[in-house]
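Worksheet for the structure shown next.
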Amino acid sequence: MIELLWLLVPIAVVLGWWAARCGTLSHLTNTSFKLSPDYFKGLNYLLNEEPDKAIDVFIKLLDVNSDTVETHLALGTFFRRRGEVNRAIRLHQNLIARPALNSQQRSLALLELGQDYRQAGLLDRAENLFQELLVSKTHQTLALHQLLDIYQQEQDWEQAIQIAKKLATVASRPMNTVIAQYYCEQAEYFYRQKQFPVVVQALKQALEIDHHCVRASLLEGQYALENSQIEQAIIAFQRVEQQDPDYLAEAIKPLQTCYQTSGQQEAFTHYLHQVLERYGGITPMLVLAKIIKQQEGDKPATDFIFKYMNKYPSVLGLNYLLDLALSTAENVTREHLLLLKDIITQLLKNKPAYKCNHCGFTARKLHWQCPSCQQWSTLKPIQWVNGEFKSDD
Ligand SMILES: [Zn+2]
């Protein structure tokens, strides 16, 4: 309260000076100005730590006319930024109720009040105001951004899609990647509701609007696999390679399940070799090494990893090499290897697997919307950054 007081006093002084200068006070004389008794009443309230009453006085004092609207707006924004949302709402509501406002000023006040409501968690009211701005075609881009945030917060993906499409037109902003993510959100929702035909429809729409939507392919593959549509799942998972090879690591494990379920182990091995040749990467290398170990034994698997690690050194590769060495080592050698293994396990422990390209946020699991900067499709598997696992990981 004391803190607010100290902030309000200078505002009161400025208001007094300003009101006097502009002649908005009723007690202005021709030769010199006098401050209204109300002004002192307001100051008194402030000094007695009654900011709400003080605001009442100042609102009354500052006659709303074309000259004082800016001051009201500034004061309202000031309160909102300080987290005094209820005071901001009162100020802006008072402003909107005045008939003196021209349409431009009214729109500006609506935009501010909408933001107050949003901050106060009154999303329905905020939504109505921003929709009103859209209808009047004023401050459209700002209103669309606000609406988009609201619909994302409410997880109303259908509305989010419509608003994002409008934003793309009004602000000429590329929104396809984000819209595809909204369709994926819809698909996941429908899947949880067991509305399978619309799941397929939503994923199709995601891919139509963004051919590079990896998430849509992964979801399509996952749902097909769960419904034992193996061939369809393989097609979907393999599509990831063309869409964005950075995410290949996400498709390889489920692809292995697909190929194993349908007894096509050889085709999978062939696929892994191709992928390794084209992009490198630790996940296909490890999966392939494990297959070689199973089929041909430890020695060929070790040779394979050594050959690969010469080209692309990585801690995960080293870790697996140790596993292979441990399975045959004895006595002292084994002890030393175990020690090494411990060190590497410690190094790998709690290492993030994903990193946001936009803000640098790191995570253990894949988020399609960055929890830190709220951007969509910016988190990528770390081991695929620049085609290889980073040395500091
Ligand atoms: Zn981020």
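Derivation of every value follows stated rules applied to the coordinates shown; laboratory data play no part. What you are looking at is a predicted structure, and each value in this text was computed from that prediction instead of being measured. Heads up, the Cβs are rebuilt from the backbone with ideal geometry, glycines too, and the neighbour counts pull from every protein chain shown.
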**OP:** Quick one: grab the alpha carbon gyration tensor of the stretch 295-345, order the square roots of its eigenvalues as a ≥ b ≥ c, and give me rounded if a/c is under 1.5, else prolate or oblate depending on whether a/b is larger than b/c.
**Re:** oblate
Subject >> Reachable aspartates and glutamates, given that their alpha-carbon falls under 17 Å from the alpha-carbon of LYS349 and they are not under 8 places away in the same chain >> reply: ASP323, ASP392, ASP393
Original post:
Is the shape of the stretch 64-146 rounded, prolate or oblate, going by the alpha carbon gyration tensor and its root eigenvalues a ≥ b ≥ c, with a/c under 1.5 for rounded and a/b larger than b/c for prolate?
Top reply: oblate
Original post:
Between ALA100 and THR141, what FRET efficiency follows from the Cβ-Cβ distance if R0 is 30 Å, with the result rounded to 0.05?
Top reply: 0.65
**OP:** Would you mind calculating the gained length between GLN264 and GLN295 on full extension (0.36 nm times residue separation, minus the Cα-Cα distance), in nm to one decimal?
**Re:** 9.7 nm
Subject >> Hits among lysines - C-alpha to C-alpha of LYS351 under 25 Å, sequence gap 8 or more where chains match >> reply: LYS253, LYS290, LYS311, LYS341, LYS365, LYS380, LYS390
Subject >> Sites GLU49 and GLN155, calculated FRET efficiency, Cβ-Cβ separation with R0 56 Å, nearest 0.05 >> reply: 0.85
Original post:
How much length, in nm to one decimal, is gained on full extension between GLN242 and ALA329, taken as 0.36 nm per residue of separation minus their Cα-Cα distance?
Top reply: 27.1 nm
